[in-house]
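What follows is a single structure, written as structure tokens, with notes after it.
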Amino acid sequence: MQKMAKTKNKLVTVTINGEQITVPAGTTILEAAKQAGFKIPTLCHHPDLKPRATCRLCLVEVKGQRRLQTACNTPVREGNEIITNSAEVREARKTILELILADHPQDCLKCSRNQNCELQKLADEYQIRENPFVVSAKNLPLEDSNPAIVRDMNKCVKCGRCVEVCQEIQQVGAINTANRSLAYGISTAFEEELADSTCTYCGQCVTVCPVGALKEKDDTARVWQALNNPELHVVVQTAPAVRVALGEEFGQKPGSITTGKMIAALKRLGFAKVFDTNFTADLTIIEESRELLKRLKDKGDLPLLTSCSPGWINFIEKMYPELLKHVSTCKSPQQMFGALAKTYYADKAQIPAEKIFVVSIMPCTAKKYECTRPEMKSSGYQDVDVVLTTRELAQMIKQSGLDFAALPEAEYDEPFGVSTGAATIFGATGGVMEAALRTVYETVAGKTLEDLDFKMVRGLDGIKEATVDLAGKKVKVAVANGLGNAKILLEMIKAGKCKYHFIEIMACPGGCIGGGGQPFGATKADKEKRLESLYAIDKKSKLRKSHENLAVTQVYDDFLRKTLDIYAHELLHTYYSDRKH
Amino acid sequence: MSKLMPLLSANFGQITPTSVEEYIGTGGFTGLRKALKMTPQEIIDEVKTAKLRGRGGAGYPTGAKWQQLYDIKHFPKYIVCNADEGEPGTFKDKLFLEKDPLRVIEGMTIAGYVFNAQEGYIYIRGEYAAQQKVFQEAVDQAVAAGYLGENILGTEFSYHIHVMTGAGAYICGENSALLNSLEGKVGRPRVKPPHLAEVGLFEQPTLVNNVESFANIPTIVQIGGEKYLSYGTAESGGTKLICLSGNIANPGVYEIPFGITLRDIIFDEELGGGPAGSKKVKFYHLGGQSGPCGFLPQLDTPYCYQALREKGLSVGSGAIVVLDESVCVIDYLLTVTQFFIHESCGKCTPCREGNKQIHVLLEKLSQGKATKADLQLLQRLSNLLPKTSFCGLGQAAATALSTCLKNLRSEFEAHLTGNCPAGVCFTKQESGEQ
Amino acid sequence: MKDFMNELRKEQVLKIIKEKGATKENLLTILLTIQEASGRNYVHREWAKWVAEELGLPLSKVYDVLTFYAMFSTKPRGKYVLEICHSAPCHVAKSAAVVQMFTEELGIKMGETTADNLFTLQYTSCVGACDIGPVVKIGEKVYGNLTRDKVAQIIQTYREGASCLN
């Protein structure tokens, strides 16, 4: 470690294609070449993941070395003369691409990643038209038996990125490398289906897949069908993280705020009402704050763990069921919304619940599973009918021929249109915590919170912590994003060494902005931009505390308090099951 | 003068392998006793003077490897003995394990002393289950006799050896794959850097040497590097255990001094004794499946690292598979390629997909369906694999193919026109054999 | 899941794990011992799961190991696995003929198990007995310089051995 720290400050000068460049020691050839303005093709490499150096496409010549070197993992050394595009290098890369393609389906047109595929792009760059090698088609079964993720291993290029996220980052361990040689590939244990594995449907594997081997279950057809059904009143809710990512699908910069255009697009697609999940996010804060205060007061099970992230819920149900009593009973905002849409809204709009079709636009693949959970039927119907990812919404917008950039700005519909900045930041890791603290503080302290920004819980660090003074009582809170980080906190609780009172956990690194349903190709830097935009929206909001959302208060006054307590509770709360793997 | 030189193999078959007493009776443990009175640097210097090179296959100078690890001041360090002898045609480490395990233990213990290591591991391939038992017994005996374990020979030095098993994977002979396997993981090679000397077993600085390399250490310490060097050539110190198999009259393991010729090895009555049957020698495969093939004009090359390298040949593991004129080069290379297809870990493209396509092309040749373009493609792949593969396995998988393409070109070309000079192809009935 | 574990109970598996040491680096030897103890030369998913739990590993990592190393099988095999070497030295020594002898003698193809679950035939890479090729490996034993008579004799010996045990 000491040694590494020492070399970090050192600088190294190398030439790349004749251009001299000085970079810090330890910089990879890939990174140095990028800084010098040379792009080196990669396939297995992902900037946020450890290099695996297995596809062998990023090979370059280093003078004095007998073999070509992989740029993705080889650090530059003082005096290196590197050539990134010699005839030999191009020939090697082309042959390797041909070899990969000889083991890959040739039917790009049928693939969900057509025109958005890293392999296809490379094949095009290297002008691979005829393959000199024998192309062998595999005939592996497609796995599409769960509601969230589809695996088509025929298309897998064995880059291993998905394994890295599943095993190392998320520590879910559902998929792994298996077998060797020709049979080498990615598999669950004993080839079981994802549903029977430890898979949480977080979809992080999907977001890093360079090709069409992993994707979400395509539910757009079901939505089109509903929209075309005159009998149905189709409403849609959009999660906070979608609005700062959707633009990427239309060539906009990461973090572009597209709320107005997104609403306009949804209206043009034919949704009767466009609602905001933020509304029920505010509601969640009211309910969850109460729960926290009650547990603090009654010395209930602490720490209290948040429950909005369905991938996280799957994780604790499958891996740590003994800790389920710590999880808040609050439904996620999407499910609270579904329950209210088919009860409160149905009453208000005078539409029979069975005619209401609820669609959610989520940054998430696990939400697709969440809405199918048998307990999510408190309205008497499946509360949310279909969940689409950000990517699927983009697909629908493209299909309908809308010019996204040219759309006007529209606004959310009532009664679920009003929300606070606190709800918006649900989409960022730490956001739920911050929103809860704003409300809990004012509830307990009985005075106005001056500085609303709890900066200690913001940002992409895996685990963040803070101590908040609530009218003399010090409350310790922590925030984890990414299931690997969640695991660290859970182990602490298990060992009885957890000092926290309240913990927010999001399954995906970065929180929902980094969700499994978000646009492909996002790096950590892109996620940072999405994050910033959510906080920018919060900053500009007139209302920034959930308990100030009067529309939410109205739901309590008009509806929840008038129904039986037990029913109101059922609409907003849920229970969990031991699903130990 | 005899071309045999039983410097390391003298005990084979002569003593009870696990008997410390009998081992001492033949001069065993004098190396260790001497070593414990030397400084680690003095021992490393002797190994350097001896010009011992790694006997596993890569032939890296052992002294240099030891110095690199010695210079790393980070502890604990681990000693690992690579007993994953999997190169087809190689069966000499097996003899050390079952016929003179205490010599290997002594070598590993000296290494432990040099690097101030407390733990040594020997990774023995799963197929050598019987040898694992013998070795474990030898370890237990050595501990009981005070040559291993706590306070060895009454000194401050304590050192333990753990016998670990493989489970059937040639790739685990690659050192980083071996370390993964030792850790109970899948034996796929690691990304380098970091190098194993720095980040090895359990992420600690680690020495990995082959069985035969360790077996040399007691002798080098005992007789001194200079004397040891004198048994071989100026650049290749000492002796080498070679393994003869294939179409040869006297298959087996022989310990020879470096410097005798390939012709001596294959034809000398004391050694190979020439081809087994009436057919003439056509070529020979050196150093295992990953090594190059040698041909008749190269027979007078002295068997040592430098001379072989100049001719595009290599010592490798010490295997020498002799092939006579009944062998078809295409059929032989198909077997070699099948081996690499079976043993590739599968993670990198050139090795996984390249070997598959090499096999496709060789099969086309063996069926008389290949074209000139196929031959070019074969050449292209044989150039690609060594330059682009992730690890030594893939880099070496096409070595035999390359050397045969170069030296037996006419036999490849004959197959283009449906002619197999050895009479092996085109006559075979389609059988269920894979 | 009804098909499993006639061979090994959970206590037996846990005992093996305890004997070998419940640490990650012992995974290979634990699985090999379980496989041997099964009498059918395989590791069932449930046994692997117990191992995974005891060692604190995801099952998918145990599965990777089981499918990577050639000596493991996740499907039941015969009591005796006859492994015929088909690496180059044995190939040159006509291992193909030996394959034919065994398949004829046992009436099964390579990769198959006899109806009485006694024998499974499969290929192996080099077992380090190239001086006596062609060879077959059965458990820890290697038989070399095989001829038709020897092959018949080997099979006979194992058959008798098995019937003695029963």
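What to note about this one:
- Residues that are without any contact (Cβ under 8 Å) to a residue 40 or more places away in the chain and in contact with a Leu (Cβ under 8 Å, 6 or more places away or on another chain) within the range A:131-162 comprise A:N131, A:P132, A:F133, A:V135, listed in sequence order.
- In the range C:92-112, the residues that are open to solvent by 40 Å² or more (accessible area, probe 1.4 Å) and either more than 11 Å from chain B (Cβ to nearest Cβ) or in contact with a helix residue (DSSP H, G or I) (Cβ under 8 Å, 6 or more places away or on another chain) (or both): C:E104, C:E105, C:G107, C:K109, C:M110
- Consider the range B:212-228 and keep the residues that are aliphatic (A, V, I, L, M) and farther than 21 Å from B:G57 by Cβ. The one that is nearest to the chain's Cα centre (by Cα) is B:V221.
- Members of the range B:87-111 that are facing another protein chain (nearest Cβ under 10 Å) and open to solvent by 10 Å² or more (accessible area, probe 1.4 Å): B:E87, B:K94, B:L95
- Looking only at the range A:129-149, residues that are within 14 Å of another protein chain (Cβ to nearest Cβ), β-branched (V, I, T) and in contact with a helix residue (DSSP H, G or I) (Cβ under 7 Å, 6 or more places away or on another chain) come to 1 in all.
- Flag if B:A117 is of a type outside the set (D, E), touching a strand residue (DSSP E or B) at 6+ places or on another chain (Cβ under 9 Å), in a loop (DSSP other than H, G, I, E, B) and open to solvent by less than 10 Å² (accessible area, probe 1.4 Å): yes
- Of all residues in the range B:37-86 being more than 20 Å from the chain's Cα centre (by Cα) and without any contact (Cβ under 8 Å) to a residue 60 or more places away in the chain, the one that is farthest from the other protein chains (Cβ to nearest Cβ): B:K37
- Boolean, A:G26 is more than 11 Å from chain B (Cβ to nearest Cβ) and of a type outside the set (A, V, I, L, M): no
- The number of residues in the range A:212-246 being surrounded by fewer than 17 Cβ atoms within 10 Å (Cβ to Cβ), touching a strand residue (DSSP E or B) at 6+ places or on another chain (Cβ under 7 Å) and not basic (K, R) comes to 1.
- Qualifying helices (runs of 4 or more DSSP H) (wholly inside the range A:301-372; at least 2 residues being within 21 Å of the chain's Cα centre (by Cα) and touching a residue at least 60 places away in the same chain (Cβ under 8 Å)): A:310-319, A:333-340, A:366-370
- The lone exception for B:Q136 - which of (1) within 29 Å of B:P88 (Cα to Cα); (2) touching a residue at least 24 places away in the same chain (Cβ under 8 Å); (3) touching a Leu at 6+ places or on another chain (Cβ under 8 Å) it fails: (3)
- Of the helices (runs of 4 or more DSSP H) lying entirely inside the range C:1-101, the ones with 1 or more residues being touching a Pro at 6+ places or on another chain (Cβ under 6 Å) and modelled with pLDDT of 95 or more are found at C:88-92.
To keep it simple, each residue is scored yes or no on (1) open to solvent by 50 Å² or more (accessible area, probe 1.4 Å); (2) within 26 Å of A:A148 (Cβ to Cβ); (3) among the acidic types (D, E).
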{"residue": "A:L449", "(1), (2), (3)": "no, no, no"}
{"residue": "A:V457", "(1), (2), (3)": "no, no, no"}
{"residue": "A:V479", "(1), (2), (3)": "no, yes, no"}
{"residue": "A:G484", "(1), (2), (3)": "no, yes, no"}
{"residue": "A:E491", "(1), (2), (3)": "yes, no, yes"}
{"residue": "A:K497", "(1), (2), (3)": "yes, no, no"}
{"residue": "A:H501", "(1), (2), (3)": "no, no, no"}
{"residue": "A:I537", "(1), (2), (3)": "no, no, no"}
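- Scanning the range B:135-162 for residues being under 18 Å from B:S19 (Cβ atoms) and either open to solvent by less than 20 Å² (accessible area, probe 1.4 Å) or under 21 Å from the mean Cα position of the chain (by Cα) (or both) gives a total of 8.
- Any hit, the range A:247-267, residues being crowded, with 24+ Cβ neighbours inside 10 Å, under 24 Å from A:K368 (Cβ atoms) and touching a Pro at 6+ places or on another chain (Cβ under 7 Å): yes
- Only one entry of B:L384, B:L362 meets the criterion of being touching a Leu at 6+ places or on another chain (Cβ under 8 Å) and either part of a helix (DSSP H, G or I) or open to solvent by 20 Å² or more (accessible area, probe 1.4 Å) (or both), and that entry is B:L362.
Residues checked against (1) touching a residue at least 24 places away in the same chain (Cβ under 8 Å); (2) surrounded by fewer than 24 Cβ atoms within 10 Å (Cβ to Cβ); (3) on the phi > 0 side of the Ramachandran plot:
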position	(1), (2), (3)
B:G274	yes, yes, yes
B:D300	yes, yes, no
B:F339	yes, no, no
B:C351	yes, no, no
B:Q367	yes, yes, no
B:K372	yes, yes, no
B:Q376	no, yes, no
B:F390	yes, no, no
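- When residues of the range A:82-133 are limited to those that are of a type in the set (K, R) and open to solvent by 40 Å² or more (accessible area, probe 1.4 Å), the one farthest from A:C156 (Cα to Cα): A:R90
- Condition check for B:N175: assigned by TED's automatic domain parsing to the domain that holds B:G112, open to solvent by 40 Å² or more (accessible area, probe 1.4 Å) and within 23 Å of the chain's Cα centre (by Cα): yes
- Taken over the range A:107-122, the residue count meeting the criterion of being within 29 Å of B:T371 (Cβ to Cβ), away from chain B (no Cβ under 14 Å) and touching a residue at least 12 places away in the same chain (Cβ under 8 Å) is 1.
- Some residue of the range A:456-467 being farther than 30 Å from A:V358 by Cβ and part of a helix (DSSP H, G or I): yes
Residue by residue, here is whether (1) open to solvent by 20 Å² or more (accessible area, probe 1.4 Å); (2) more than 13 Å from chain B (Cβ to nearest Cβ); (3) within 22 Å of A:W312 (Cβ to Cβ); (4) assigned to a loop (DSSP other than H, G, I, E, B) holds:
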{"position": "A:V165", "(1), (2), (3), (4)": "no, yes, yes, no"}
{"position": "A:Q171", "(1), (2), (3), (4)": "yes, yes, yes, yes"}
{"position": "A:L182", "(1), (2), (3), (4)": "yes, no, no, no"}
{"position": "A:S187", "(1), (2), (3), (4)": "no, no, no, no"}
{"position": "A:F190", "(1), (2), (3), (4)": "yes, yes, no, no"}
{"position": "A:C199", "(1), (2), (3), (4)": "no, yes, yes, yes"}
{"position": "A:C202", "(1), (2), (3), (4)": "no, yes, yes, yes"}
{"position": "A:V206", "(1), (2), (3), (4)": "no, yes, yes, no"}
{"position": "A:P210", "(1), (2), (3), (4)": "no, yes, no, yes"}
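- Residues being modelled with pLDDT under 95 and in a loop (DSSP other than H, G, I, E, B) - total across the range A:88-110: 2
- Pick from the range B:181-209, criterion open to solvent by less than 20 Å² (accessible area, probe 1.4 Å), more than 10 Å from chain C (Cβ to nearest Cβ) and of a type outside the set (S, T, Y), ranking: farthest from B:Q289 (Cα to Cα): B:P205
- Any hit, the range A:72-86, residues being out of contact with any Lys or Arg (no Cβ under 6 Å at 6 or more places or on another chain) and closer than 16 Å to A:G160 by Cα: yes
The values are calculated or read from the model by the stated rules, or taken from the named source; none is laboratory data. These figures come from a predicted structure and were not determined experimentally. Note: ideal-geometry Cβ built from the backbone for every residue, glycine included; neighbour counts use all protein chains shown. Please note that ligands, DNA and RNA were not included when accessible areas were found on the heavy atoms of the full protein model with its side chains. Shrake-Rupley method; radii C 1.70, N 1.55, O 1.52, S 1.80 Å.
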